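Below is one structure, written out as structure tokens; the observations come after it.
The values are calculated or read from the model by the stated rules, or taken from the named source; none is laboratory data. From a predicted model like this one, the values you see are computed outputs, not experimental measurements. So basically every Cβ, Gly included, is an ideal-geometry build from the backbone, and we count neighbours across all protein chains shown.
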Amino acid sequence: MNKHDLLNICILAIDGYGENADTSVLQNVHENTNANTNDETHNPEKATVSYRGDREWRDTVGGATLTCSQCCATLGFASVVEPDSCRLLKHKLQAFSMDNGKRKDHFEHLSSGSFVGKEIVRYSESQAVFTFAVYDHPNESVPNEKAERCLLIKVLSWSSLMAIKASAGDLCFRRAVKVIYEEQDAALMRSTNDADADRDASDPALFQWGGIDLCCPPNMQKPSKVEDQPILEGNDDNSLLKSSTKASVNIYLAHDEWDELRDILQCQSKYFSEATSRATVMMKFGVGGESQANKARLSFLSF
């Protein structure tokens, strides 16, 4: 939209939507992590599809942070190239009209769940990243506060169609991404990682629930001998094997949006029977999956 067509907006020099400037929340989770290495500006390699490892979520275009002039809530991005152009996040807005005497919200089906679902699909298709760690954004009014809640989301399928009954009783088919999710205590994960010498076994972003790697086959995880490593043509130093084989995205949501996303995942997990959910979780987790199935659930995010 054109900036002059919008009322009560302002541009502030603050973190963009889904971002967190204080990356110290992850410093106890990821080894050798600092603010510079988490920033794609300082490390352009993280923006490429060949990069394996954890990365911070970034918008497709980016720009200055557009906020509400009344409450300073983040609404979208203002272009730094075209000063009069603004991009608004639909799930942060409401658009009403009168339909047969009834007030209708045209963005009613859009939520933080649909937003995260679209971003999961974007990263899955363009970056081959199938793991999201959604953190409850720390309270900016409290200095040095760290995220205490985290939703771990693992993609199963991003090309599914789900039939959902609308308010009028009609079936509505929507695209959906099937996921396995689990709510974790970020503080507990940090303390666990501090006491655990093997960080790979408990790092949430590496997604090794049940003590196994959910990303790559065993022969690609940690080759024990040089002679066991396959020779890649045109790559004498085997740099692809030297890099991490796992990838994940960290995104930070405000308290109300994080609660909304959790509630959506919990509600839509009821579309699957307990037996189906447990079987899917155990099939994905393998060893140790039976105990993990008590916490992780099968669900979906429609968009």
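A few notes on this one:
Each row is one residue, and each column tells you yes or no for (1) touching a His at 6+ places or on another chain (Cβ under 9 Å); (2) modelled with pLDDT under 75; (3) of a type in the set (S, T, N, Q).
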site: Asn34; (1), (2), (3): no, yes, yes
site: Asp39; (1), (2), (3): no, yes, no
site: Ala47; (1), (2), (3): no, yes, no
site: Tyr51; (1), (2), (3): no, no, no
site: Trp57; (1), (2), (3): no, no, no
site: Val61; (1), (2), (3): no, no, no
site: Cys72; (1), (2), (3): no, no, no
site: Ser85; (1), (2), (3): no, no, yes
site: Leu89; (1), (2), (3): no, no, no
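- Filter pass, Lys154 being among the basic types (Lys, Arg) and at pLDDT 65 or above: yes
- Qualifying helices (runs of 4 or more DSSP H) (wholly inside the range 248-297; at least 1 residues being under 15 Å from Glu182 (Cβ atoms) and at pLDDT 90 or above): 255-268, 274-285
- Answer residue from the range 159-184, given it is among the aliphatic types (A, V, I, L, M) and touching a residue at least 12 places away in the same chain (Cβ under 8 Å) and is nearest to Lys104 (Cα to Cα) among those: Ile164
- Look at (1) at pLDDT 90 or above; (2) of a type in the set (A, V, I, L, M); (3) over 16 Å from the mean Cα position of the chain (by Cα); (4) in the same structural domain as Glu260 (by TED's automatic domain parsing) and you find that Val129 fails only one, number (3).
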